[in-house]
Amino acid sequence: MIHMTAPQRDAFRDADVRAPENELAARFWDRVRLFAMRRVRDAAAAEDIAQEVIRRVTEALREGRLAEPAALPGYVFRTALYVCLHHGRSAGREARALDRFAGGAPAHTGDDALTTMIAAERRATVRLALERLAPADRDLLRLVYFQQLEPAEIARQLAVTVEALRVRKHRALRRLADALGEPDD
């Protein structure tokens, strides 16, 4: 029998619990970080993204959400893509919020007034196209783009799988594009 002190036992147990995470990090860390760096062009953000990806994938593995071990690399990089996209959306929202907070509204020149008028016309056109969609499509697009919920949360609310949600979103966007291409009656 091996005798260990209490701190040694705790360290051994903690290392055993973190073994899948450590193995996953050793296998994918550099590639995920490089993948993220190419997309966000920020070393610190790429490190954060890689850490978040490893955390999410480890959690998925522990919960048994990955049925096929051979699909692990694809799952890791799909997760990395989603985390990068989320980072981009968050950074954009943060920049717009800081501009509003700082009172960074640009001075109105002739070009700005024209741009504002065109943007208002586009919003009105999109609103009309959204009104033409079925209520289910409108609700789905509202959850995705206005409330900006995670796909898993939206899928849970709609009682569908994430894959089915992705297909429904694609089809709703196609119908919206078709509605935008139709002339107004």
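The numbers here are math on the coordinates, done by the rules we state, and not lab data. Bear in mind the structure is a predicted one, so any value in this text is a computation, not a measurement. Using ideal geometry, Cβ is built from the backbone for each residue, glycine included, and neighbour counts are taken over all protein chains shown.
Going 7 Å from the Cα of A26 along its beta-carbon direction, which residues of the range 60-79 have the amide nitrogen within less than 18 Å of the resulting point? 73, by backbone N distance to the label point. A straight chain from R96 to A134 at 0.36 nm per residue would run longer than the Cα-Cα distance by 10.6 nm.
Residue ranges 117-129, 77-89 sort as 77-89, 117-129 when ordered by packing (mean number of other C-beta atoms within 10 Å per residue, highest first). Other residues with beta-carbon under 11 Å from the beta-carbon of V160 carry, at +1 per Lys or Arg and -1 per Asp or Glu, a net charge of +3.
Which value, in debye to the nearest 20, gives the size of the charge dipole of the range 109-185 about its Cα centre, when Lys and Arg are +1 and Asp and Glu are -1 at the Cβ?
Numbers: 13 positive and 13 negative charges, 81 e Å.
Charge dipole of the range 109-185: 380 debye, to the nearest 20.
Counting Lys and Arg as +1 and Asp and Glu as -1 over every other residue whose Cβ lies under 10 Å from the Cβ of I49, the net charge comes to -2. State, to one decimal in nm, how far the label point of R142 lies from the label point of L180, with both points 7 Å from Cα in the Cβ direction. Once both label points are built, they end up 2.0 nm from each other. A simple count of charges around A95, restricted to other residues whose Cβ falls under 14 Å of its Cβ and scoring Lys, Arg +1 and Asp, Glu -1, yields +1.
The range 52-66 and the range 27-47 have Cα centres separated by 18 Å.
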